[in-house]
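Reviewing the structure listed below.
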Amino acid sequence: MPLLTRALTNSFTAHHAFMVAAMLRAIDQADARIAQLSQEIARQLQPLQRQAELLATIPGVSLVLAQVIFAEIGVDMSRFATAGHLASWAGMCPGNNESAGKRMSGRTRHGDTWLKTALYMAGSSAARMKRTYLGAQFRRLVPHRGVKRATVAVRHSMYIPGRLRTAASNSSTSMLAAS
């Protein structure tokens, strides 16, 4: 703090004070909007609280991430025949480009950008956890595939057991009853 005080001595004018006050007001307004939106999200997802808590049991998935998953996927899982279909829709499946027996690029599809980003962060979190299947899978793949591809593999594995599909399917009946 003494360095900051010394740096601002004789160079902090009334104009600087005005600009700092304006910026602080903008930050306070943004915080108020965020709090208001968070309350509305919590109110809208109240019927899905049990399912969100179930999703939060997956390593790397928090309650906020569960809210993102419900917002992006929805609660009607009947449109996805299997967890693999859900992973494919979200753009989590590896590409399968092969010609004359030679394997070409295995890039994933574009899919849902917000969901992929959220699950990439969840995969990164799960990869750092000790004594979990996802963490062990990450540590096994990193030497051969690299950090990014191993994280994508962990992200894809979060879909395959069907936990996302099961949690959301359980919520579709409660949503129908609430309507």
Only unsatisfied item for residue 57, checking (1) out of contact with any helix residue (DSSP H, G or I) (no Cβ under 6 Å at 6 or more places or on another chain); (2) under 15 Å from residue 156 (Cβ atoms); (3) among the hydroxyl-bearing types (Ser, Thr, Tyr), is (2)
Given (1) open to solvent by less than 70 Å² (accessible area, probe 1.4 Å); (2) assigned to a loop (DSSP other than H, G, I, E, B), residue 125 misses just (2)
Residue check, residue 130 against (1) modelled with pLDDT under 80; (2) closer than 22 Å to residue 151 by Cβ; (3) more than 19 Å from the chain's Cα centre (by Cα); (4) open to solvent by 70 Å² or more (accessible area, probe 1.4 Å), all met but one. Which one?
(1)
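This table checks each residue for (1) more than 19 Å from residue 109 (Cβ to Cβ); (2) part of a loop (DSSP other than H, G, I, E, B); (3) in contact with a strand residue (DSSP E or B) (Cβ under 9 Å, 6 or more places away or on another chain); (4) hydroxyl-bearing (Ser, Thr, Tyr).
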position	(1), (2), (3), (4)
35	yes, no, no, no
38	yes, no, no, yes
42	yes, no, no, no
48	yes, no, no, no
54	yes, no, no, no
67	yes, no, no, no
75	yes, yes, no, no
85	no, no, no, no
88	no, no, no, yes
I'm told residue 114 meets every condition in (1) farther than 23 Å from residue 52 by Cβ; (2) at pLDDT 85 or above except one. Can you identify the failing condition by its number?
(1)
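The values are calculated or read from the model by the stated rules, or taken from the named source; none is laboratory data. Owing to the predicted nature of the structure, the values given are computational and were not obtained by experimental measurement. Glycine gets a Cβ as well: all are built from the backbone with ideal geometry, and neighbour counts include every protein chain shown. Accessible surface is based on the protein model in full, side chains and every heavy atom, while ligands, DNA and RNA are left aside. Shrake-Rupley method; radii C 1.70, N 1.55, O 1.52, S 1.80 Å.
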